[in-house]
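K.L.:
Take this structure first; my questions come after.
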């Protein structure tokens, strides 16, 4: 039992392998009908490592996540890799141009990943303020 734990008994931690299921992400794929996609631990580990290398993430990074965590981009490509390397994650409840730009400035964001529509809306918003 962990020191300071109030549990009455120890619960053994299961031995898990890289192919064991870690999470179910829902996708509509090309059919438009949502279905659960079972992701193994291996996939999350390699997503973390690949994103850390590709985005050159470090513990000094602050990553803004303007997309939902139920989407693989928000959770597995942005949030988990950043936390895995010790960086900070800023979550937005929903995407709004003004709030996103304010969050970037306030939190000194070093990286943001998003879908093309978000970048387009930010550009249009910026052009509207000129």
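K.L.:
Tell me, rounded to the nearest percent, the portion of alpha carbon pairs in the chain spaced more than 20 Å apart. Write down the numbers at each step before the final one.
P.N.:
On the way: 4864 of 8385 pairs.
More than 20 Å apart: 58 percent of the Cα pairs in the chain.
K.L.:
Rounded to whole Å, give me the distance from the Cα center of region 89-103 to that of region 34-84.
P.N.:
Measuring centre to centre over Cα atoms gives 18 Å.
K.L.:
If we count other beta carbons within 10 Å of each Cβ, what is the order of 41, 26, fewest first? Mind showing how you got there, number by number?
P.N.:
On the way: 41 15, 26 10.
Ranking 41, 26 by Cβ neighbours within 10 Å, fewest first, gives 26, 41.
K.L.:
For 67, 89, 115, which order do you get if you count the other beta carbons within 10 Å of each Cβ and list the fewest first?
P.N.:
Listing 67, 89, 115 from fewest to most nearby Cβ atoms yields 115, 89, 67.
K.L.:
Order of 72, 37, 79 from fewest to most other C-beta atoms within 10 Å?
P.N.:
On the way: 72 17, 37 13, 79 21.
Starting with the residue having the fewest Cβ neighbours, the order is 37, 72, 79.
K.L.:
Okay, moving on. Report, to two decimal places, the Cα Rg of region 65-130 normalised by 2.2 N^0.38 Å (N = number of residues). Please list the in-between numbers first.
P.N.:
Working: Rg = 12.2 Å, N = 66, 2.2 N^0.38 = 10.8 Å.
Cα Rg divided by the expected 2.2 N^0.38 Å: 1.13.
We did not get these values from a lab; they are worked out from the coordinates using the rules stated. Every value quoted in this text rests on a predicted model; they were computed, and no experiment measured them. No Cβ is skipped: glycine too gets one built from the backbone with ideal geometry, and neighbour counts run over all protein chains shown.
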